[in-house]
Amino acid sequence: MSFQGKNILIIGASSGIGLAIAQTLQAEGASLFTASRRAPHGIQSQHITWDVTQPIEGLFDVLPDTLHGLVYAPGSINLKPFQRFSLADFQADFNVNVLGAVAAIQANLARLRKAGGASIVLFSTVAVQTGMGFHASIATAKGAVEGLTRSLAAEFAATKIRCNAIAPSLTDTPLAASLLSSDEKREASNKRHPIGRVGTPQDLAAVAKLLLSDEGSWITGQVLNVDGGMGRLK
């Protein structure tokens, strides 16, 4: 899977899954462009400082005319009983997970079209297809991401732009630190997964790499469950 000569934009590459994807693609020779509130450590990229809840206003004009891939990795974990969620909570999750992705794709669509075979990778969650208590806000937002994924895959197919989403279960990232903050919590989380462990950022980066590569060129409109069996197995 050579990425030599390919321009890849990773939004949310400063930590967690986005950083793991950047590390993986950098090792494969990709020309990386990153956008987040802070630059990713150890990644050679042209960085754009962007808070995904804020307007873009031409920030991506510095990118090359052609993009071969776009990854939108920002996310949120806001878990609590339904009656404790405010409408503002739902709006905040929707802004980060959905509207940020919409804005990024719209701003770079012309660049993706010029590639003649580009790939968009978004992120959902196992909680969309597997009902989980306390996940009402994030499952609602990520459900919209899955709908966006399929709609864009259909609309963009004629221009050879593929769009897929990855739906992980709990992954060992800074975003999930509070859920894995003790040996007891980690062991309980491991046991909930049929494969016997929570995910790592590298687990997700490997799948993103396939979806962005030429070897994944017949995959579009899919939501790939990369979740240690959580979503389908008992």
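The values are calculated or read from the model by the stated rules, or taken from the named source; none is laboratory data. Please read all numbers here as calculations on a predicted model, not as lab measurements. Cβ placement follows ideal geometry from the backbone for every residue including glycine, while neighbour counts extend to all protein chains displayed. We work out accessible area using only protein heavy atoms, side chains counted, and drop any ligands, DNA or RNA first. Shrake-Rupley method; radii C 1.70, N 1.55, O 1.52, S 1.80 Å.
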key: the range 108-133: number of residues that are at negative phi and open to solvent by 10 Å² or more (accessible area, probe 1.4 Å)   = 14
key: Of all residues in the range 182-205 being open to solvent by less than 80 Å² (accessible area, probe 1.4 Å) and in a loop (DSSP other than H, G, I, E, B), the one that is nearest to Gln4 (Cα to Cα)   = Thr200
ask   = Does Lys185 satisfy the criteria of being free of Cβ contacts under 8 Å to residues at least 12 places away in the same chain, in contact with a helix residue (DSSP H, G or I) (Cβ under 7 Å, 6 or more places away or on another chain) and more than 21 Å from Gln222 (Cα to Cα)?
value = yes
Within the range 32-59, considering residues that are in contact with a His (Cβ under 9 Å, 6 or more places away or on another chain) and open to solvent by 50 Å² or more (accessible area, probe 1.4 Å), the one farthest from Leu210 (Cα to Cα) = Arg38
query = In this structure, does Val62 turn out to be under 22 Å from Lys142 (Cα atoms) and either open to solvent by 20 Å² or more (accessible area, probe 1.4 Å) or of a type in the set (A, V, I, L, M) (or both)?
reply = no
message = Out of everything in the range 206-225 that is part of a loop (DSSP other than H, G, I, E, B) and touching a residue at least 24 places away in the same chain (Cβ under 8 Å), what residue ends up being surrounded by the fewest Cβ atoms within 10 Å (Cβ to Cβ)?
response = Ser217
query = Is the range 95-116 home to any residue that is β-branched (Val, Ile, Thr) and either under 19 Å from Leu170 (Cα atoms) or in a loop (DSSP other than H, G, I, E, B) (or both)?
reply = yes
query = Considering the range 82-107 alone, what residues qualify as being exposed (fewer than 14 other Cβ atoms within 10 Å of the Cβ) and of a type in the set (S, T, N, Q)?
reply = Gln83, Ser86, Gln91, Gln106
ask   = Any chance the range 123-137 includes a residue that's within 23 Å of Ile21 (Cα to Cα) and either of a type in the set (Lys, Arg) or assigned to a helix (DSSP H, G or I) (or both)?
value = no
query = What residue, among those in the range 134-181 that are within 16 Å of the chain's Cα centre (by Cα), closer than 14 Å to Val198 by Cα and open to solvent by less than 30 Å² (accessible area, probe 1.4 Å), is modelled with the lowest pLDDT?
reply = Ala176
key: Top-ranked residue of the range 13-28 - restricted to ones that are in a loop (DSSP other than H, G, I, E, B) and open to solvent by 20 Å² or more (accessible area, probe 1.4 Å), ranked as farthest from Ser169 (Cα to Cα)   = Glu28
